Every structure is written in structure tokens, then in C-alpha cells.
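Trainee: Submitted below is the structure of interest, expressed as C-alpha cells.
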Amino acid sequence: MINVFQPTLGEAELAAVGEVFASGWVGRGPRTKAFIDAFGSHIGVAPEHLVSVTSCTEGLFLAMEALGVGPGDEVVLPAVSFVGAANAIAARGATPVFCDVDPRSLNPAVDDVERRTGPRTRAVLVLHYGGSPGGIAEIAAFCRERGVALVEDAACSVASAVGGTACGTFGDIGVWSFDPMKIVVGGDGGMMHVPDPALRAAITTRVNIGMSQESGMASAAAGGRWWEFDVRAFGRRSFGNDVLAAIAQVQLSRLPEFLARRSEIAKRYDHEFADLDGVLCPPPLPDGHRSSHYLYWLQLAPERRDALAARLFELGIYTTFRYLPLHRMPVYGSVSSLPGAESAADRTLCLPLHQGLDDDEVGAVVDGVRSVLGGV
Ligand SMILES: *Cc1c(COP(=O)(O)O)cnc(C)c1O
């Protein structure tokens with residue numbers, strides 16, 4: 001099967017894990033710190049503003065808690081969102097308010113966000129679909145003007161930017177993912193960017209079971225009882241560890257090579273599918289926008305889309321659709337009709353796109369799509 005997503009893990013990652021084992025310590029330690037430093041320079045932020053966590057989902061839950069989102073509050077998010085984002089809101093007793101997206105880019109425009117923003121809106125939570133920044137700069141400006149918090153689910157956006165600003169750093173909190181289906185893989189794990197000190201303290205306390213952060217060693221040196229602590233929040237245990245960090249740091253060093261290959265494959269798809277009747281490739285990126293090329297998607301009539309997926313599956317080519325619109329899930333209690341998201345969900349198919357695909361595999365996808373859609 002040719003997969004949609006697949007990590008590229010090799011000897012270097014294995015050697016890094018070996019070093020962690022040999023160090024005798026696999027928990028949060030020097031490698032987590034080193035990865036935070038490396039990620040900070042990659043994104044262009046101070047490493048002190050980053051918090052390593054167990055997953056992006058956990059980071060989104062922490063974000064909603066730290067912002068104090070609660071019952072009676074609304075958080076606006078695109079209907080085309082990762083399910084964990086809506087859960088992070090609903091789990092606080094707050095209401096996820098879904099906004100529409102552009103049917104071609106699957107990203108919300110600032111107008112879509114504004115239309116759903118009201119007096120109860122406490123925060124806006126957006127992703128960058130497939131790694132394309134979308135309207136993030138305009139949405140950030142809108143949130144600042146309205147005094148509403150902005151959280152970026154930057155799981156798709158490890159290398160996305162607008163101008164010199166990395167996606168994930170436009171808002172009050174940004175969260176990246178290193179799960180097995182992302183570009184930089186740690187096995188699991190996530191990273192949060194939280195520039196505000198008070199907000200960051202609320203998060204660092206929660207990732208450590210809500211315990212006070214004073215060092216036991218300092219307490220011992222001062223002649224105190226180093227085993228004593230205070231509980232300041234009902235936190236969980238959400239910090240990353242050195243095994244995940246060691247793998248992810250090697251992956252981060254290989255990111256330029258991964259991105260070059262992903263962009264090459266996306267360009268080939270653009271070229272090969274441009275002449276197919278009734279089939280749309282992803283819209284071109286606006287000037288100054290940089291994508292991580294996390295997803296590549298075709299859009300076509302719903303019956304043709306479903307037939308293409310089924311036929312490619314028979315040919316050993318896996319495809320999928322991300323992210324199923326959440327306003328249609330009864331559990332969130334939304335009654336909205338969102339035509340952009342609904343049209344996108346009915347017409348979009350995500351093709352295999354990862355740096356491990358060789359030219360023959362990309363050729364097999366191209367030939368498969370063209371033969372099914374009559375472009376032979
Ligand atoms: C994968 C993904 C997540 C979840 O990341 P985890 O680290 O697995 O929790 C969140 N948001 C988006 C957009 C994703 O693609």
C-alpha cells in the first residue's frame with residue numbers, strides 16, 4: 001500500500017535513542033532542553049517561550065484551561081478542524097462555535113471568523129489547512145483588535161510562514177505535533193509557544209500535575225524539606241521526555257530535505273493533474289506564504305471523488321479526507337449549515353504526500369489518478 005502519511009525514520013534516529021538509553025535517563029532532561037532550543041531557533045522564537053508536551057491534543061486542552069475558557073464561553077473554530085480541538089473546548093463546558101471555510105483552501109477567511117464572533121467569544125482556535133497559512137495574519141489582527149485570544153493548532157505547519165513569521169507564533173498560544181503522521185516525528189509529542197509569562201506559568205504548572213515549580217535542590221541547599229510542594233492547579237502529567245525529544249531533534253535537522261522532497265512531489269502532482277477535466281488542484285499560495293506541504297488534495301464532483309478513492313484503494317494507493325467537518329457531529333450541538341465546509345468535505349480527496357515516496361510510487365499515484373479520471 002502507498003500510504004498518505006509515513007514517517008522517515010532511520011539510523012540517525014535509532015542512534016539518538018541509543019544515546020538516551022545509554023545515558024540512563026529517559027525522562028524529561030537534557031535532550032528535551034536541547035530539542036526545545038533547536039525548535040526555538042527553527043521557528044525563530046526564544047526557547048524560554050516554548051513548553052514541551054506529550055501531544056498537540058494535550059497542548060490544545062492545556063491552552064483552553066490556561067486561558068480560563070469555561071461554561072458560558074464560546075470559542076470560534078473552523079468546522080474543518082481536528083477533533084481534539086473541538087474536544088478541548090467542549091471539555092471545559094464551553095461551546096465550540098464552528099465557522100465556515102473557503103471551499104478551495106479549506107482555511108477560514110477572517111470574515112468567516114468575524115461572522116461567528118460575538119460577546120461570548122473568549123478565543124479563536126484555527127489551524128493552517130495542509131500547512132497553508134491561509135488568513136492567519138488577518139485573523140491574528142482581528143483577534144487583537146477584538147481582544148479575543150488566538151490559539152493556533154500548528155500541527156500541519158512545522159515549516160509554514162507568512163513573510164518572516166512562522167505559523168504558530170501569530171497567536172497567544174501555538175501548538176505543534178510530532179505524532180507518527182506528521183512531518184517531524186517524535187513517535188509522539190508536541191510543542192507549545194506561549195510568549196506571555198502568566199499564561200506560560202499556568203501551562204508549565206499544569207504539565208507538572210499542578211505542582212509548584214520550585215526546585216527541590218534549591219530548597220535542600222537552603223536547609224528546607226525538599227520533598228514538600230504546593231498544588232496550584234488540577235494539572236495532569238503532560239511534559240515531554242528525552243526519548244521523544246531525541247528522535248524529534250534528528251528529524252528537525254532533516255526537515256529541509258523532507259520539505260524539498262514534499263514540495264517536489266506537490267509540484268509534480270500540480271503539473272500532472274492540471275489538465276484533468278473537472279478536477280481542481282490546491283489553490284496556489286499567495287505571495288510571501290510558505291507551506292509545509294503536509295497535505296495535497298484534489299477536488300472533484302462527489303461521486304467521482306468517491307469512485308476515485310475506491311479505485312485507488314484497489315490499486316494499492318491509500319487516500320483520505322482531512323478533516324471531517326465537526327459541525328455535523330451531533331455531540332457538539334451545532335445546528336449551523338456551513339456550505340464551504342460541506343462542499344469541501346464532499347469533493348476533496350487527500351493523496352499520498354510524504355518524503356519517503358520514491359519516483360516510481362509518485363508515478364503510480366499519477367498514473368492511477370489519470371487512468372481513473374480519464375486523463376490517460
Ligand atoms: C495531527 C493533528 C493534531 C493532533 O496532534 P497529536 O500530537 O496527535 O495530538 C491536531 N491538529 C491537527 C490539525 C492535526 O493534523
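Trainee: Quick check on packing: order 188-195, 356-363, 202-209, 106-113 by the mean number of other C-beta atoms within 10 Å, highest mean leading.
Mentor: 188-195, 106-113, 202-209, 356-363
Trainee: Still on this structure, please answer the following. Take Asp359 and Glu303, extend 7 Å from each Cα along the Cα→Cβ direction, and tell me the distance between the two endpoints in nm.
Mentor: Reported label-point gap for Asp359 and Glu303 is 3.9 nm.
Trainee: Beyond 23 Å, how much of the Cα-Cα pair distribution for segment 11-253 remains, as a whole percent?
Mentor: That fraction is 50 percent.
Trainee: Taking the dipole about the Cα centre of the chain, with the C-beta of Lys and Arg at +1 and of Asp and Glu at -1, give me whichever of Thr54, Phe273, Ser212 is farthest to the positive side.
Mentor: Among Thr54, Phe273, Ser212, the one farthest towards the positive end of the dipole of the chain is Ser212.
Trainee: Here's something else I'd like to know. Picking from Trp226, Trp297, Trp176, which is most flexible by a Gaussian network model of the chain using Cα springs under 10 Å?
Mentor: Highest fluctuation among the options: Trp226.
Trainee: Under unit Cβ charges (Lys, Arg +1; Asp, Glu -1), what dipole magnitude, rounded to 20 debye, does segment 11-253 have relative to its Cα centre?
Mentor: Magnitude of the dipole: close to 440 debye.
Trainee: Also, I was wondering about something else. How far is helix 136-146 tilted off the main Cα axis of the chain, in degrees rounded to 10, range 0 to 90?
Mentor: 50
Trainee: What percent do you get for the relative contact order of segment 11-253 when only Cα pairs under 8 Å and 6+ apart count?
Mentor: With pairs under 8 Å counted, the relative contact order is 25 percent.
Trainee: Placing unit charges on C-beta atoms (Lys and Arg positive, Asp and Glu negative, everything else neutral), compute the dipole magnitude of segment 242-359 about its Cα centre in debye, rounded to 20.
Mentor: The calculated dipole for segment 242-359 is roughly 280 debye.
Trainee: Sorted from largest down, give the three principal axis spans of the alpha carbons of segment 255-373, whole angstrom values.
Mentor: 45, 35, 25
Trainee: Another one. Using a basic spin-label model with each label point 7 Å from the Cα along Cα→Cβ, how many nm lie between Ala141 and Arg120?
Mentor: According to this spin-label approximation, the distance is 3.0 nm.
Trainee: Can you give me the long-range amide H partners of Leu125? Hydrogens built in the peptide plane at 1.01 Å from N, cutoff under 5 Å, separation of 5 or more residues or another chain.
Mentor: It is Val76, Leu77, Val151, by chain and number.
Trainee: If r is the Cβ-Cβ distance from Ala15 to Glu48 and R0 is 25 Å, what FRET efficiency results, to the nearest 0.05?
Mentor: Computed FRET efficiency for Ala15 and Glu48 comes out at 0.30.
Trainee: Taking the 0 to 90 degree range and rounding to the nearest ten, how far is the long axis of helix 56-66 tilted relative to the main principal axis of the chain, both from C-alpha atoms?
Mentor: For 56-66 against the chain, the angle is about 50 degrees.
Trainee: Along the positive direction of the dipole of the chain (beta-carbon charges: Lys, Arg +1; Asp, Glu -1; about the Cα centre), which of Gly84, Phe229, Ser157 reaches farthest?
Mentor: It is Phe229, whose Cα lies furthest towards the positive end.
Any read-out appearing in this document is the output of simple, stated calculations on the displayed coordinates, not a laboratory observation. Here the structure is a predicted model, which means the values were calculated and not measured. All Cβ positions, even for glycine, are placed from backbone atoms using ideal geometry, and neighbour counts span all protein chains on display.
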